Amino acid sequence: MRWSQSFIPTMKEVPSDAEVPSHQLMLRGGFIRQLMAGAYTYLPLGVRVLKKAEAIIRQEMDAAGALEIFMPALQPIDLFERTGRKEAFGNVLINFNIRRGDRTVHLALGPTHEEVVTDLMSRHISSHRQMPLTVYQIQTKFRNEERPRFGILRTSEFLMKDAYSFHSSLESLNDVYQKMYRAYCRIFSRCGLDYLPVEAESGPIGGDASHEFMIPAANGEDRIVFCKKTNYAANLERAETGRKPPVIATSADAKPVAKLHTPNVGSIETVCKLLKCKPEKMVKTLIFLADEKPVAVLLRGDHEANEGKIRRALGVKSLEMASPETILAVTSAPVGFAGPVGIKCPIFADHDVPLVVNAITGANEGDYHLANVNVGRDYPLETTYDLRNAAAGDPSPRGEGTLELVHGIEVGHVFKLGTKYSTSMEALYDDETENRQPIIMGCYGIGVNRILAGLAETKHDENGLIWPLAVAPYEVIISVIGANETDTLSAAETFYGQLQAAGVDVLLDDRDLRPGVKFKDADLIGIPLRVNFGGKGLKEGVVELKWRTSAESQRVATADAVKTVLEQLTARRQADAATIPQ
RNA sequence: CGGGAUGUAGCUCAGCUUGGCUAGAGCGCCUGGUUUGGGACCAGGAAGUCGCAGGUUCAAAUCCUGUCAUCCCGACCA
């Protein structure tokens, strides 16, 4: 492609609406343009990267035995009513009525395709002999995001590769799950992403039934913990800690309890400000309704409650924050002044709570807090639990090492669904004993746009984007210096034609601009290998090769240029391939 | 949905507090010339219903009310 014939609108200045690097650089490099909040047009460069990522996904999915299909984005609403997900999705599900003759048809735009694919397979599969079967598609999904964010990262309309597998046994599901997991590792690795598979909330099946593939990035929306030493990695909701219940005893340093007047000061933050203390000196008391009964959950002031852990620790089905009325009944105080001392409900404390000596807590009385509260003396406690989100510095659950906390971009998710959809949609098969059984399912998603966002977010420098060779919009850019000289330009065109003939994705910057502008643009759009063609080099019979990732350029005799470029591209591809897991 | 910010030329922004000539600058764009190895220079030019609607006023980009849009923080996110 010749730059002069293409549509690559680069920008020198940073658009004011873009905050995060990936958004700024993709805008500045002419990869995307915004239509409205959460909807972007992909310009030629953006489309090329998307297509390359898609091609990698297709290759790996095909190799893993999945079959490509293509399902409608338009779906009848009753499918979602049957699985209860119309309710579950709520406002996120884009749905509307249309007129068809004298009828009204209620449609949804697919936020995902479990219902459609289960419906499809329920009609097709009748015997265990027809399984396992895995299908996938790459298709646009629609979700009415309450808050689209960070450019391309969180949009209302996005490209997703979604795969679904169908099984007559858990062993078969586990087998395909492993194949998909491996395919995902290969896909993200081939795309040049530094990814981290993390344990995620596993839903109905439990165990290791769900993994998310995360790109550690400062602007990621998810939080993940990992341990370098033991390779433990999990998302924050799921992450265990290696903490143990401490010895519960009143400290020898316990001071007498003091009652402090804290008018209208009910949050940890404001109490700390008023009393000039740190949140870790406080114990916060959260009142929940666990299976309809009020309980108090104690956490150190700077920690975050984890409702999943609390639910499991208490062995209850439902858990919700208590209403102000319940809090008043249990604590005799309005919201913000709850404490363990004298509270009228069972207490469950996190492991770190008994370790806070002379803690500050609510006084169970409006506008008052207590100082120097100590376990044993002031409130009873038999044991402690892991009730909070993991934090940086916690011990790894695998016995050694400590956890680190980083932000991440979720680019993929593999999930053992079980029979959730097959049961509600009556997708049944006959097993070996002629009994009807619900089909066991797995689902596996990849956010294709997020591969671009993740790369742009993590692979750039002050000059612009740095695409890995495998997904770069073009592998090579020829920056013609002195493109207004006919001889130079025609020599460059010959070189360009030779690279094209050799199967290289090459962009010819034939614009009649000053060299500086062209170099800046080439760096901005992040083409891996640049060839400076013309100028002083050409007079001496050489061209310059410069990799985007290296500071120096190499001078190569013009006659050897094609051969050298091909050799270096091959070498780079091989080096990249060496890092891909089997 | 709660909190905060912004809307003036394709892009970045000034002007608004204290209303008053024909609404400005830089970049980009067009014409001509000089330049040509990391976002050149000179001269000339085109380009804006000041987000939209209503109000106050002799007079509104500027003040008031409403509304829409975008961004950020939070809540939400199979």
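The values are calculated or read from the model by the stated rules, or taken from the named source; none is laboratory data. For clarity, every value in this text was computed on a predicted model and none was experimentally measured. Neighbour counts run over all protein chains shown; Cβ positions are idealised from the backbone, glycine included. The accessibility values were calculated without ligands, DNA or RNA, using every heavy atom of the protein model including side chains. Shrake-Rupley method; radii C 1.70, N 1.55, O 1.52, S 1.80 Å.
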Given a Förster radius of 25 Å and the C-beta distance between A:His407 and A:Glu269 as r, what FRET efficiency does 1/(1 + (r/R0)^6) yield to the nearest 0.05?
0.70
What share of the DSSP beta bridges in region A:474-578 is antiparallel, in percent to the nearest 5?
45 percent
If you bin every alpha carbon distance in chain A into 10 Å steps from zero, what whole percent lands in each bin?
3, 14, 20, 20, 18, 14, 8, 3, 1, 0
Roughly what would the spin-label model give for A:Glu426 and A:Glu325, points 7 Å off Cα along C-beta, in nm?
4.1 nm
Rounded to the nearest 0.05, FRET efficiency between A:Lys563 and A:Val316 (Cβ-Cβ, R0 51 Å) equals 0.15
Point-charge dipole on Cβ atoms (K/R +1, D/E -1) for region A:505-558, about Cα centre, debye to 20
180 debye
So, in nm, how far is label A:Ala392 from label A:Thr250 when the simple model puts each one 7 Å beyond its Cα toward the Cβ?
3.8 nm
Let me have the relative contact order for chain A, percent, based on Cα pairs under 8 Å that are six or more residues apart.
17 percent
Just the Kirkwood number for region A:474-578, please: inverse of mean 1/r across all distinct Cα pairs, in Å, one decimal.
13.6 Å
Taking amide H positions as placed in the peptide plane 1.01 Å from N, state which residues far from A:Arg2 in sequence (5 or more) or on other chains have amide H under 5 Å from it.
A:Leu508
Give me the extension gain from A:Gln130 to A:Asn435: residue separation times 0.36 nm, minus the current Cα-Cα distance, reported in nm with one decimal.
108.3 nm
Ranked highest first by the average count of other Cβ atoms within 10 Å around their residues, in what order do A:455-461, A:239-245 fall?
A:455-461, A:239-245
Put +1 on the Cβ of each Lys and Arg and -1 on the Cβ of each Asp and Glu in chain A; which of A:Gly110, A:Val47, A:Pro515 then has its Cα farthest toward the positive end of the dipole?
A:Pro515
For region A:44-100 and region A:274-339, write down the distance between their C-alpha centroids in whole Å.
40 Å
To the nearest 20 debye, chain A has a Cα-centred charge dipole, built from +1 on Lys and Arg Cβ and -1 on Asp and Glu Cβ, of 640 debye
Would you mind pulling out the separation of the Cα centroids of region A:518-582 and region A:132-176, in Å?
37 Å
Positive end of the charge dipole of region A:474-578 (Lys, Arg +1 and Asp, Glu -1 on Cβ, about the Cα centre): tell me which of A:Ala502, A:Ala483, A:Gln568 has its Cα farthest that way.
A:Gln568
I want the antiparallel fraction of DSSP beta bridges within region A:258-385, as a percent rounded to 5.
70 percent
Please name whichever of A:Ser4, A:Gly535, A:Pro438 sits farthest to the positive end of the charge dipole of chain A, dipole taken about the Cα centre and charges placed at Cβ: Lys and Arg +1, Asp and Glu -1.
A:Gly535
Ignoring ligands, DNA and RNA, what accessible area per residue does chain A give at 1.4 Å, in Å²?
45 Å²
What full-extension length gain, to one decimal in nm, is calculated for A:Thr104 and A:Ile77 as 0.36 nm per residue of separation minus the Cα-Cα distance?
8.5 nm
Report A:Cys185's accessible area, 1.4 Å probe, all protein chains in place, as a number in Å² to the nearest 10.
20 Å²
Quick one: with all protein chains in place, what share of the accessible area of region A:223-284 is carbon or sulfur, to the nearest percent (1.4 Å probe)?
54 percent
Which whole-Hz couplings ³J(HN,Hα) result when phi for each residue of region A:247-262 is put into the Karplus expression 6.51 cos²θ - 1.76 cosθ + 1.60, θ = phi - 60°, listed in order with x for Gly and Pro?
5, 9, 8, 5, 5, 5, 8, 4, 9, x, 5, 10, 9, 10, 7, 10
Trypsin sites (Lys or Arg not before Pro), restricted to region A:31-63: which are DSSP loop and have at most 14 other Cβ atoms within 10 Å?
none
Of all beta bridges DSSP finds with both residues in chain A, what is the antiparallel percent, to the nearest 5?
80 percent
Could you calculate the FRET efficiency of A:Gln574 with A:Val14 from 1/(1 + (r/R0)^6), where r is the beta carbon distance between them and R0 is 30 Å, rounded to 0.05?
0.25
Compute the distance in nm between two label points, each set 7 Å from the Cα along the Cα-to-Cβ direction, one at A:Leu35 and one at A:Ile347.
5.8 nm
Checking a compactness column here: for region A:258-385, what do you get for Rg(Cα) / (2.2 N^0.38 Å), N being the number of residues?
0.97
